[in-house]
Amino acid sequence: RELFPGARPRIVTDNGPQFIARDFKEFIRVAGMTHVRISPGYPQSNGKLERWHKTFKSTALRPAAPSTIDEARRVTADFVEHYNARRLHSAIGYIAPVDKLAGREAAIFVERDRKLEAARELRRQRRELARRQQTHHHPNQTCPPASP
């Protein structure tokens, strides 16, 4: 909320008892969030979250193997920060979620296109220079016929 004051967060959960409890409903209301519950008995409908957990476990939790709750909290916080602020996501055009949420998507794409065009031009110039140097160093040189 501090980073994005105008955003209304949405939380998507299964129908576990902790997510249908009165206290949780009150927390959602006080926090100003929207609660969306997936279809009962169909975890695939929460595929994005299932994928997030798989990525979290395989790239952060298991390799770090935290031995204390404080260590686990640090590993989790570091992963969440990396996932949201630095990791590029293919589903949103290879930008970080924080950039999309902040409305920086168009500026990032413009800058990316500018850099790609500059790289293409540099490659074109290098190819042209190499072609000229080859022609300059070996004018009218032909390859000998292949021997039988």
Original post:
So what is the 222 nm mean residue ellipticity for the chain from helices alone, if each DSSP H run of at least 4 adds -39500 (n - 2.57) and you divide by all residues, rounding to the nearest 500 deg cm²/dmol?
Top reply: -17000 deg cm²/dmol
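For the chain, calculate the relative contact order in percent as a whole number, restricting contacts to Cα pairs under 8 Å that are 6 or more residues apart.
On the way: 79 pairs, mean separation 18.6, N = 148.
Relative contact order comes out at 13 percent.
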Subject >> Choice from ARG74, ARG124, ARG29 showing the highest fluctuation, given a GNM over the chain with Cα pairs closer than 10 Å >> reply: ARG124
Original post:
How about LYS25: which lysines have a C-alpha closer than 26 Å to its C-alpha, ignoring those fewer than 8 places off in the same chain?
Top reply: LYS48
Original post:
Helix 47-56 versus the longest principal axis of the chain: what is the Cα-based angle in degrees, 0 to 90, to the nearest 10?
Top reply: 80 degrees
Original post:
GNM on the chain, C-alpha springs below 10 Å: top fluctuator among PHE24, PHE56, PHE109?
Top reply: PHE24
Original post:
By how many degrees, 0 to 90 and rounded to 10, does the Cα axis of helix 22-31 deviate from the longest principal axis of the chain?
Top reply: 50 degrees
Original post:
Most mobile of ARG132, ARG86, ARG120 per a Gaussian network model of the chain (Cα springs, under 10 Å)?
Top reply: ARG132
**OP:** With volume of the Cα convex hull per residue in Å³ defined as stated, name the option among (i) 270; (ii) 140; (iii) 103 computed from the structure displayed.
**Re:** (i)
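Read-outs: derived from the displayed coordinates by stated rules, not from any lab. Being a predicted model, the structure only gives us computed values, none of them experimental.
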